[in-house]
1. Taking only region 276-324 into account, find how many residues are among the polar types (S, T, N, Q) and either in contact with a helix residue (DSSP H, G or I) (Cβ under 7 Å, 6 or more places away or on another chain) or part of a loop (DSSP other than H, G, I, E, B) (or both).
2. Taking ASN261 and the conditions (1) in contact with a Ser or Thr (Cβ under 7 Å, 6 or more places away or on another chain); (2) modelled with pLDDT under 90, which numbered condition does it fall short on, given that it satisfies the others?
3. In the set VAL115, VAL110, VAL124, which member is touching a strand residue (DSSP E or B) at 6+ places or on another chain (Cβ under 6 Å) and within 25 Å of TRP170 (Cβ to Cβ)?
4. Sort through GLN250, GLN235, GLN258 and tell me the only one that's within 23 Å of GLY182 (Cα to Cα), assigned by TED's automatic domain parsing to the domain that holds LEU188 and out of contact with any His (no Cβ under 6 Å at 6 or more places or on another chain).
5. Under 28 Å from LEU96 (Cα atoms), outside the structural domain of PRO20 (by TED's automatic domain parsing) and among the basic types (Lys, Arg): does that describe LYS213?
6. When you go through VAL136, VAL124, VAL110 one by one, which is the residue that is among the β-branched types (Val, Ile, Thr), closer than 30 Å to GLY164 by Cβ, in contact with a helix residue (DSSP H, G or I) (Cβ under 6 Å, 6 or more places away or on another chain) and assigned to a loop (DSSP other than H, G, I, E, B)?
7. Mind checking which residues of region 54-76 are in contact with a helix residue (DSSP H, G or I) (Cβ under 6 Å, 6 or more places away or on another chain) and part of a loop (DSSP other than H, G, I, E, B)?
8. Among the candidates ASP51, ASP18, single out the residue that is among the charged types (D, E, K, R), in a loop (DSSP other than H, G, I, E, B) and crowded, with 16+ Cβ neighbours inside 10 Å.
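The values are calculated or read from the model by the stated rules, or taken from the named source; none is laboratory data. Here the structure is a predicted model, which means the values were calculated and not measured. Reconstructed Cβ throughout: ideal geometry from the backbone, glycine too, with neighbour counts over all protein chains shown.
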Amino acid sequence: MIISRTPLRISFFGGGTDYPVFYEEHGGAVLSTSINKYSYVICRRLPPFFDYNYRIRYAIQEEIKTIAEIKHPSARECLNFMKFDYGIEIHHNADLPAMSGLGSSSAFTVGLLNVLHALKGQLVTKRELALEAIHVEQDMIKENVGSQDQTAAAFGGFNRIEFGGRRKIWVQPITLEQSKMGFLQNHLMLFFTGFPRNASEIAAEQIRTTPQKTAELEAMKEMVDEAVKVLNSHQNNYDDFGRLLHETWQLKRGLTPQITNSHIDEIYEMARGAGALGGKLLGAGGGGFILLFVRPESQPKIREKLGKLLYVPFNFHDLGSQIVYYAPEQNY
């Protein structure tokens, strides 16, 4: 049995510039961090005593004879990509729900590829893992996804990530003193607004309209470096980071009308009225988690104002996808 643990992520700036339709022509960049909420994948060789060859357990359970019959798209295509010729059992658990804006789908793909490589006795680099997950999701499944979630899940840490060019991805860690990192974390709050509607359709619409939104996406990409300058400043005050989050949310919500709705707008305005300097809805839009930048002294008022929403404490996480348990079984 082999178990992988893969972190979910929070994207601060640059989301939308990580779609190939944009970065292959203009180049893309994001500022993101992995967090201490995880996707777990448990995998083992299936004993040959059943009338099926694959058992896949997630929200439902599948017991099937062939890879082609697997309904879960990532499980099916990861197994196709890895070319297994014997039965496999896969279990998935996660700390937070899927389709909520924290990159959980890509964390699953990265974590599954990691355990499948381990099952074959293969070592794989973080870069290989990220590029393989991007290939599986974009080229094999044909998902409406960018390239930042797979990269963040594979590498982990607080990073500036570039997309495009010969390297396709380039990861630059943000090196801050521990005190500054803690200061930034203490200004961030995460709330669950409810499950999004048609997240894939929202992403598809954003991809479709990308050629008409080049100016907005270029501005969102520039904010990545503006935010890095704020973090690297000598002042012990990151209020401008919060204000940049507000600016990027105004740009993001203009990419397509489907990204936000009256419910999300009301939540955001309530938070701003209670002291939040900025924030943004995470992921494709329509629902899921909202990130807020709030001075510590204002946070009790925010929690009171948004009392109907689930507040989720979190910390930054330095490591990417890991094999946390490795006990390969004997071949049958």
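1. Going residue by residue through region 276-324, those that are among the polar types (S, T, N, Q) are 298-299, 315, 321-322.
Subsequent filtering for residues that are either in contact with a helix residue (DSSP H, G or I) (Cβ under 7 Å, 6 or more places away or on another chain) or part of a loop (DSSP other than H, G, I, E, B) (or both) retains 315, 321.
Total meeting the criteria: 2.
2. Against the list (1) in contact with a Ser or Thr (Cβ under 7 Å, 6 or more places away or on another chain); (2) modelled with pLDDT under 90, ASN261 comes up short only on (1).
3. Values: VAL115 fails: within 25 Å of TRP170 (Cβ to Cβ); VAL124 fails: touching a strand residue (DSSP E or B) at 6+ places or on another chain (Cβ under 6 Å).
Selected residue: VAL110, the only one of VAL115, VAL110, VAL124 that is touching a strand residue (DSSP E or B) at 6+ places or on another chain (Cβ under 6 Å) and within 25 Å of TRP170 (Cβ to Cβ).
4. Numbers: GLN250 fails: within 23 Å of GLY182 (Cα to Cα); GLN258 fails: within 23 Å of GLY182 (Cα to Cα).
Matching residue, one of GLN250, GLN235, GLN258: GLN235.
5. Numbers: under 28 Å from LEU96 (Cα atoms): no; outside the structural domain of PRO20 (by TED's automatic domain parsing): yes; among the basic types (Lys, Arg): yes.
Answer is no for this residue.
6. Numbers: VAL136 fails: assigned to a loop (DSSP other than H, G, I, E, B); VAL110 fails: assigned to a loop (DSSP other than H, G, I, E, B).
The match here is VAL124.
7. ILE70 - this is the single residue of region 54-76 that is in contact with a helix residue (DSSP H, G or I) (Cβ under 6 Å, 6 or more places away or on another chain) and part of a loop (DSSP other than H, G, I, E, B).
8. Values: ASP51 fails: crowded, with 16+ Cβ neighbours inside 10 Å.
From the options ASP51, ASP18, the qualifying one is ASP18.
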